[in-house]
Amino acid sequence: MTGLFIETLGTGTPVVLVHGSLATGAEEWEAQQPLAGEGYQLVVFDRRGYGRSPAAEGEDFLRDADDIVEVMGEGAHLVGHSYGGLGAMLAAARRPEATLSLALLEPPAFSLARHNGAAQALVEATRDVWDQDLPDGEWVMHFCRAVGTDPETLPPGILDELVPMVPILRRGRPTWEAELPLAELMAAGFPKLVVTGGHSAGFDAICDELASRIGAARRTVAGAGHEIQFTGEPINEVLRQLWGQGNAEFAFASAGPGGTVALRRSQ
């Protein structure tokens, strides 16, 4: 067993929710709890180094993938936000037969869109943060700005809550070292979706290419910046549509770069 701290909410088809950096599972996926009463069992866990899961010197998407492979059991929908999306991609590529669908919310697939100026500016800004020898409190403000979150817009006191988790991020496996399983995911038959928050041209370009390279539908859900899951009902409705397409009368149809995904009636 993984030894992770895991909470399950509801009964029905399993949905594994993988949180990003500087958060715990419960904090990041609170707005998705209503889905637990709709025939889904939400599997919410703290990644290693965070919350009540085993300690770690730094976060690691490779170890996350190992954990997700176990947590998903005989089959589950996977939803990964930010850094958590890297582990979710790797796990889905390793166990395509057990992956019911894969939803990625602004994953830092920083090896993509190399010829897009906005994308490369995002990658360079993020990498520059790692070279800054600053106290954790100052460092986290620079990190938030790099990924498109204005620290001034965060609720009072939230930065103080993030500071204890900063070392896990700073000492973690860098996102730009990820070898993305693009071919494996393109070949997989399960539904895939890539979502951005409508706040960053860099993330838009990266996620446009990612969606194209893995055969995913593409959607923008604005209103909460990089923290797309905090929009609540808007992203929950997108997830319902994705999860229902295997046995419902509707299916996703891919849209153009940055566009809204339309629904089409299955033939």
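Listed values, structure above:
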read-out	value
Among (1) touching a strand residue (DSSP E or B) at 6+ places or on another chain (Cβ under 9 Å); (2) buried (at least 18 other Cβ atoms within 10 Å of the Cβ); (3) at pLDDT 95 or above, the one test that T8 misses	(2)
The stretch 235-252 residues that are under 16 Å from A216 (Cα atoms) and modelled with pLDDT under 95, paired with ones that are of a type in the set (V, I, T) and surrounded by 18 or more Cβ atoms within 10 Å (Cβ to Cβ) (beta carbon under 6 Å, 6 or more apart)	F252/V261
Residues (part of a helix (DSSP H, G or I), more than 26 Å from F143 (Cβ to Cβ) and out of contact with any strand residue (DSSP E or B) (no Cβ under 6 Å at 6 or more places or on another chain)) located in the stretch 175-233	L182, A183, E184, L185, M186, A187, S212, R213, E233
Top-ranked residue of the stretch 132-178 - restricted to ones that are of a type in the set (S, T, N, Q) and surrounded by fewer than 18 Cβ atoms within 10 Å (Cβ to Cβ), ranked as nearest to L105 (Cα to Cα)	T153
Qualifying residue in the stretch 133-148 (condition: more than 21 Å from R48 (Cα to Cα) and touching a residue at least 60 places away in the same chain (Cβ under 8 Å))	yes
Members of the stretch 52-107 found to be in a helix (DSSP H, G or I), touching a residue at least 60 places away in the same chain (Cβ under 8 Å) and closer than 17 Å to T24 by Cα, listed by number	F61, D67, V71, Y83, G84, G85, L86, G87, A88
Those residues of the stretch 151-199 which are of a type in the set (G, A, S) and at negative phi, in sequence order	G172, A178, A183, A187, A188, G189, G197
Selection from the stretch 122-168 of residues that are charged (D, E, K, R) and over 20 Å from F230 (Cα atoms)	E124, R127, D128, D131, D133, D136, E138
Selection from the stretch 1-50 of residues that are closer than 30 Å to G137 by Cβ and assigned to a strand (DSSP E or B)	E7, L17, V18, V44, F45
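Listed here are the residues, each with its yes/no results for (1) in contact with a Leu (Cβ under 6 Å, 6 or more places away or on another chain); (2) polar (S, T, N, Q); (3) free of Cβ contacts under 8 Å to residues at least 40 places away in the same chain; (4) closer than 20 Å to Y83 by Cβ.
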site: P156; (1), (2), (3), (4): no, no, yes, no
site: D160; (1), (2), (3), (4): no, no, yes, no
site: M165; (1), (2), (3), (4): yes, no, no, yes
site: R170; (1), (2), (3), (4): no, no, no, yes
site: A178; (1), (2), (3), (4): yes, no, no, yes
site: A183; (1), (2), (3), (4): no, no, yes, no
site: G189; (1), (2), (3), (4): no, no, no, no
site: V195; (1), (2), (3), (4): yes, no, no, yes
site: S200; (1), (2), (3), (4): no, yes, no, yes
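The values are calculated or read from the model by the stated rules, or taken from the named source; none is laboratory data. Note that this is a predicted model, so its numbers are computed, not measured. For neighbour counting, all protein chains shown are included, and Cβ atoms are generated from backbone atoms with ideal geometry for every residue, glycine included.
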